[in-house]
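Asker: Mind having a look at this structure? Questions to follow.
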């Protein structure tokens with residue numbers, strides 16, 4: 001009896017603790033459900049309609065929106081631009097961030113100053129960052145153009161964001177400038193969790209800096225790498241603010257990504273149904289890419 | 001005790017969360033308007049109740065003027081508080097989510113386009129026909145763009161809109177040109193561009209990274225190739241019968257390509273937006289600026305050189321010139337509990353001091369009949385230019401695309417122009433892309 005009473009009391013306490021826990025997360029969960037889950041579910045509903053975003057009535061059109069999105073002239077460009085950013089931007093961003101983190105971790109004096117400078121762009125609004133880079137890239141009155149003109153090299157100035165061949169690289173530089181600080185900080189956090197005695201032992205064995213980076217630092221940083229790769233992938237697939245301010249997807253469709261096109265469909269072309277269809281596709285791609293990345297990188301974590 | 005603390009904590013959390021949801025839609029103003037203030041005395045119970053008017057204006061180039069208008073209205077109506085917001089991006093992008101949530105501002109900027117019409121047809125905008133004192137003062141040609149198919153009048157024009165080519169007289173002089181060399185047709189224009197280029201000066205600055213391309217290349221091209229030849233393209237486009245692959249439309253892109261191939265366009269033309277184009281011109285980096293007359297104030301006041309204006313001569317010799325006569329961004333009032341006061345502000349902007357504050361700040365073409373000319377501020381050259389294009393029989397006017405095309409088409413004009421300028425599409429291919437979108441069901 002005593003045992004049964006004790007067990008019952010233990011279960012009651014556990015249930016109470018669980019209920020209390022749920023109760024405390026309930027407000028946040030409610031916000032997430034109301035402002036993220038429900039709108040996402042509604043988008044799956046609206047993607048099957050011809051809703052224009054204003055009208056109180058709409059018609060169901062089945063999968064016509066998906067067909068229209070996929071058969072649009074610019075769709076191949078949307079895919080290729082989004083893939084470009086995923087394949088180029090995500091690895092380059094993470095490589096740069098790791099390098100900066102490793103340098104900042106060991107730099108000693110003024111490390112805090114450098115950390116602040118690295119992170120400053122990320123404090124700015126994305127719109128401000130876009131306006132800054134529009135000014136920098138202006139081939140006539142921008143600061144780079146003026147400097148080149150001053151030293152007699154104005155012929156070297158290109159319209160980096162006005163040419164199809166260079167706009168994606170110019171955009172990537174802007175994104176890298178803006179985002180590197182954030183990911184560097186995450187890597188700095190990861191570096192601080194690596195036990196120093198491993199490096200001391202490596203130093204005693206005569207291992208050089210580069211070998212330490214490859215065989216110790218990066219394997220031990222795998223959890224941070226996993227987080228950053230997944231976050232960066234989701235950010236590049238779903239983000240559009242910098243593209244909107246800097247290039248508006250131009251020239252032509254040269255820098256138009258899936259997320260930016262979804263925005264244009266919704267708020268410039270009043271074709272919410274098509275925008276939701278594209279958003280559903282973006283979600284599927286984003287979730288699939290994240291799951292594949294998590295599975296692959298988690299394995300590497302375990303191996304490390 | 002633990003449960004009591006838990007319950008109290010939850011209530012606090014919920015209260016904090018829900019307090020952020022206390023929205024103040026425009027229609028709710030009537031509740032505050034009808035509630036007397038705490039300091040009301042018996043003698044003030046007959047006073048006009050306080051009203052807060054929410055106002056969202058596209059006033060990037062005249063924010064100070066907009067604030068002055070709001071302040072002047074408040075001083076004339078002490079019970080009114082105007083909450084002015086500047087629309088940061090495109091009007092439709094700003095208003096659409098608000099419209100979907102039925103939270104439109106009481107008084108707002110709108111264009112005479114299909115989006116504003118859809119707001120009216122949804123019952124979100126008031127019918128200004130209910131305020132005859134306002135409609136009767138507007139120039140008739142500026143009323144028509146805001147008339148709905150059911151006869152409703154959903155917005156008031158903010159001015160007569162057109163485009164012009166501003167030119168830097170100093171740079172013209174450096175190129176050996178004077179006012180007498182102002183081109184009257186397309187071959188002459190190309191010759192002028194060639195002369196300017198020979199003097200190592202950039203001939204023409206025009207923005208194509210935003211909707212400026214719509215108002216410049218598109219409208220002047222359409223007006224020259226159709227209106228000037230007696231063809232009403234606007235009606236054909238609206239009823240779905242226009243063929244965008246015909247030579248007259250292909251020529252819209254072809255002329256842009258000719259300018260690009262000749263090296264007459266400013267470097268970075270495909271990434272240039274209207275503010276950047278104006279700055280580039282004002283810094284003396286180009287001889288001519290193809291832009292709207294709504295920039296007359298900033299251009300004439302901001303230039304450190306003498307500025308002239310000319311009509312864009314896209315016509316062949318002996319043919320009429322095309323010009324663009326449309327409505328500038330105007331105003332609409334929301335159909336809500338504050339409609340009466342919003343209409344009073346609209347009346348202030350049309351019939352009252354608000355008109356002169358607005359006109360003086362922008363230096364644009366007045367949109368009302370019978371104004372006091374001594375109170376108008378407009379550069380004499382611009383006034384003469386507007387008079388010329390509205391009265392000279394050598395000009396045929398065309399409607400701008402936003403008064404004619406659906407939203408999905410408007411965004412494609414800059415895109416197709418950029419593709420032609422960059423050589424990614426031929427003019428024929430660009431026209432075909434545009435036509436396919438037009439015919440898409």
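Asker: Counting each pair of different Cα atoms once, what's the Kirkwood radius of chain A in Å, rounded to one decimal?
Answerer: 23.0
Asker: How big, on average over all directions, is the shadow cast by the Cα convex hull of the stretch A:37-109, in nm²?
Answerer: Directional mean of the projected Cα hull area for the stretch A:37-109 stands at 8.9 nm².
Asker: Please give the Cα centre distance for the stretch B:169-202 versus the stretch B:231-269, rounded to the nearest Å.
Answerer: Comparing the Cα centres of the stretch B:169-202 and the stretch B:231-269, I get a distance of 23 Å.
Asker: Nearest 10 degrees is fine. How inclined is helix B:91-100 to the longest principal axis of chain B, computing both from alpha carbons?
Answerer: The angle comes out near 30 degrees.
Asker: Sticking with this structure for a sec: Rg over Rh of the protein assembly as shown, using C-alpha atoms and the Kirkwood radius, what does it come to?
Answerer: Working: Rg = 30.2 Å, Rh = 29.5 Å.
In the protein assembly as shown, Rg relative to Rh is 1.03.
Asker: Sticking with this structure for a sec: Rounded to the nearest 500, what is the protein assembly as shown's calculated 222 nm mean residue ellipticity when only DSSP H runs of at least 4 contribute -39500 (n - 2.57) each, over all residues? Kindly include the intermediate steps, with their values, before the conclusion.
Answerer: Working: 35 runs with 403 residues, N = 745.
For the protein assembly as shown, the value works out to -16500 deg cm²/dmol.
Asker: Here's a follow-up. Just B:256, B:277, B:191 to compare: in a GNM of chain B, with alpha carbon springs under 10 Å, which one fluctuates most?
Answerer: Comparing B:256, B:277, B:191 in a Gaussian network model of chain B, the most mobile one is B:191.
Asker: Something else: Helix B:186-198: angle to the longest alpha-carbon principal axis of chain B, degrees 0 to 90, nearest 10?
Answerer: Rounded to the nearest ten degrees, it is 90.
Asker: Would you compute the Debye intensity of the stretch A:1-58 from its alpha-carbon atoms alone, equal scatterers and no solvent, and pass along log10 I(q)/I(0) at q = 0.27 Å⁻¹ to two decimals?
Answerer: Listed by q, the Debye log ratios stand at -1.01.
Asker: What are the extents of the Cα atoms of the stretch A:151-302 along their three principal axes, listed from largest to smallest and rounded to whole Å?
Answerer: 64, 51, 20
Asker: Percent of Cα-Cα pairs per 5 Å bin, from 0 to the last occupied bin, for the stretch B:356-436, please list those.
Answerer: 3, 12, 14, 13, 11, 12, 14, 11, 6, 3, 0
Asker: A further question on this structure: Take the eigenvalues of the Cα gyration tensor for the stretch B:400-441, scale each by 5, and report the square roots as semi-axes in whole Å, largest first.
Answerer: 18, 12, 7
Asker: With springs connecting C-alpha atoms under 10 Å apart, model chain B as a Gaussian network and identify which of B:369, B:171, B:346 has the largest mean-square fluctuation.
Answerer: Sorting by GNM fluctuation, first place goes to B:369.
Asker: So how many Å³ per residue does the convex hull of the Cα atoms of the stretch A:78-176 work out to? Before the final figure, lay out the partial values.
Answerer: Details: hull volume 13.0 nm³, N = 99.
So the per-residue Cα hull volume is 131 Å³.
Asker: Treat the stretch A:181-242 as a sphere of radius equal to its Kirkwood radius over Cα pairs and apply Stokes-Einstein at 20 °C in a medium of 1.002 mPa s; give the translational diffusion coefficient in µm²/s, rounded to a whole number.
Answerer: 163
Asker: If you don't mind, there's one more thing I want to ask. Semi-axes of the equivalent ellipsoid for the stretch A:204-290, please: Cα gyration tensor eigenvalues, times 5, square-rooted, ordered largest first, whole Å. Could the numbers behind the result be given before it?
Answerer: Details: eigenvalues 318, 47, 12 Å².
Three semi-axes, in Å: 40, 15, 8.
Asker: To the nearest Å, what is the center-to-center distance of the stretch A:46-83 and the stretch B:291-322, using C-alpha atoms only?
Answerer: Measuring centre to centre over Cα atoms gives 40 Å.
Asker: Further question on the same structure: What translational diffusion coefficient, to the nearest whole µm²/s, does the stretch B:110-211 have by Stokes-Einstein, given a Kirkwood radius computed over alpha-carbon pairs, a temperature of 10 °C and 1.306 mPa s viscosity?
Answerer: Stokes-Einstein gives a translational diffusion coefficient of 92 µm²/s.
Asker: Looking at chain B, send over the antiparallel percent of its DSSP beta bridges, to the nearest 5.
Answerer: Among the beta bridges of chain B, antiparallel pairing accounts for roughly 55 percent.
Asker: Hey, another quick one. Binning every alpha carbon pair distance of the stretch B:299-345 at 10 Å from zero, what are the percents per bin?
Answerer: Bins of 10 Å from zero give 18, 20, 23, 20, 17, 2 percent of pairs.
Asker: In addition: For the stretch B:79-119, what is the per residue volume of the convex hull drawn over the alpha-carbon atoms, in cubic angstrom?
Answerer: Expressed per residue, the convex hull around the Cα atoms of the stretch B:79-119 is 83 Å³.
Asker: Would you mind computing Rg(Cα) / (2.2 N^0.38 Å) for chain B, counting N as its residues?
Answerer: In units of the globular-protein estimate, chain B measures up at 1.12.
Asker: In the P(r) worked out for the stretch B:279-363, what percent of Cα pairs fall beyond 22 Å?
Answerer: 52
Asker: With springs connecting C-alpha atoms under 10 Å apart, model chain A as a Gaussian network and identify which of A:16, A:112, A:65 has the largest mean-square fluctuation.
Answerer: Result for chain A, Cα springs under 10 Å: A:16 fluctuates most.
Asker: For the stretch A:118-215, place one equal point scatterer on every Cα, skip the solvent, and apply the Debye formula. What is log10 of I(q)/I(0) at q = 0.12, 0.13, 0.21, 0.23 Å⁻¹?
Answerer: Debye intensities relative to I(0), on a log10 scale: -0.63, -0.67, -1.04, -1.15.
Asker: Taking every DSSP beta bridge that has both residues in the protein assembly as shown, what percent is antiparallel when rounded to the nearest 5? Walk me through the numbers before you get to the answer.
Answerer: Working: 20 of 36 bridges.
Antiparallel: roughly 55 percent of the beta bridges in the protein assembly as shown.
Asker: Using the scaling law 2.2 N^0.38 Å as the reference, what is the normalised Cα Rg of the stretch B:248-326? Present the calculation step by step, with values, prior to reporting the outcome.
Answerer: Working: Rg = 14.0 Å, N = 79, 2.2 N^0.38 = 11.6 Å.
That works out to 1.21 for the stretch B:248-326.
Asker: Using the Kirkwood radius over C-alpha pairs as Rh, can you work out the diffusion coefficient of the stretch A:25-156 via Stokes-Einstein at 25 °C, viscosity 0.890 mPa s, in µm² per second?
Answerer: Answer, rounded: 118 µm²/s.
Asker: Any idea what angle helix B:247-261 forms with the longest principal axis of chain B, computed on alpha-carbon atoms, 0 to 90 degrees, nearest 10?
Answerer: With both axes taken from Cα atoms, the answer is about 80 degrees.
Asker: Right, next: Send over the semi-axes of the stretch B:165-315's equivalent ellipsoid, whole angstrom and largest first, taken as the square roots of 5 times the C-alpha gyration tensor eigenvalues. Before the final figure, lay out each step's value.
Answerer: On the way: eigenvalues 149, 55, 40 Å².
Equivalent ellipsoid semi-axes, largest first: 27, 17, 14 Å.
Asker: Within 10 Å of each Cβ of A:247-258, how many other protein chain Cβ atoms are there on average?
Answerer: Values: counts 3, 8, 5, 11, 13, 13, 4, 6, 0, 1, 0, 0.
Taking the mean over all residues of the peptide, I get 5.
Each reported figure results from applying straightforward, stated rules to the coordinates on display, with no laboratory input. Being a predicted model, the structure only gives us computed values, none of them experimental. Neighbour counts run over all protein chains shown; Cβ positions are idealised from the backbone, glycine included.
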